[in-house]
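Beneath this line is the structure, given in structure tokens, with notes to follow.
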Ligand code: 5GP
């Protein structure tokens, strides 16, 4: 079962402005910022503004407006960052086996070099 949302997670603090981030995009439903430990030349995290732990939690509890807004934001970030032509990868961890570290839904956008095959 999905864990209850914990307001003390680091991305909740970023959303509240309690700790800084390098913002690359923001709208009513989503915030995007650079990953603090980038795994590729471009490594952006996109998060919904609502309190959701994971993709499964968001898809179950999020409103249609929140879900549509978030999906559109991920695409807007990729377009704004010039990633469409070279290409990019989206990745979202959820739960123990994935080693999800921060329990607020986030989509990783990684790009900027050939990424190789998806290794699991
Ligand atoms: P996960 O493993 O949960 O999918 O990914 C969490 C990501 O958040 C990691 O890539 C990690 O580098 C990033 N991260 C952790 N703490 C911070 C932080 O305080 N600021 C930013 N910008 N990224 C963070």
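The values are calculated or read from the model by the stated rules, or taken from the named source; none is laboratory data. For clarity, every value in this text was computed on a predicted model and none was experimentally measured. Cβ: placed from backbone, ideal geometry, glycine included. Neighbour counts: every protein chain shown.
In the range 26-39, what residues are within 30 Å of residue 116 (Cβ to Cβ) and surrounded by fewer than 17 Cβ atoms within 10 Å (Cβ to Cβ)?
Of everything in the range 26-39, those that are within 30 Å of residue 116 (Cβ to Cβ) and surrounded by fewer than 17 Cβ atoms within 10 Å (Cβ to Cβ) turn out to be 34, 36, 37, 38, 39.
Let me spell it out: the conditions are (1) closer than 23 Å to residue 118 by Cβ; (2) within 14 Å of the chain's Cα centre (by Cα); (3) away from the ligand (no atom under 14 Å from the Cβ), and residue 72 meets all of them except one. Which number is the exception?
(1)
Quick check on residue 19: is it more than 29 Å from residue 117 (Cβ to Cβ), within 11 Å of the ligand (Cβ to nearest atom), part of a helix (DSSP H, G or I) and at pLDDT 95 or above?
No.
Among the residues of the range 76-85, what is the count of those that are away from the ligand (no atom under 16 Å from the Cβ) and either loosely packed, with under 15 Cβ neighbours inside 10 Å or assigned to a loop (DSSP other than H, G, I, E, B) (or both)?
Adding up the residues that qualify gives 6.
Being within 11 Å of the ligand (Cβ to nearest atom) and part of a strand (DSSP E or B) is the filter; apply it to the range 86-108 and report the residue that is surrounded by the most Cβ atoms within 10 Å (Cβ to Cβ).
Looking at the filtered set, the residue picked out is 107.
Right, residue 10: within 25 Å of residue 60 (Cα to Cα), buried (at least 18 other Cβ atoms within 10 Å of the Cβ) and within 13 Å of the ligand (Cβ to nearest atom) or not?
no
How many residues are in contact with a strand residue (DSSP E or B) (Cβ under 9 Å, 6 or more places away or on another chain), within 16 Å of the ligand (Cβ to nearest atom) and part of a helix (DSSP H, G or I) when one looks only at the range 33-69?
Residues meeting the conditions: 2.
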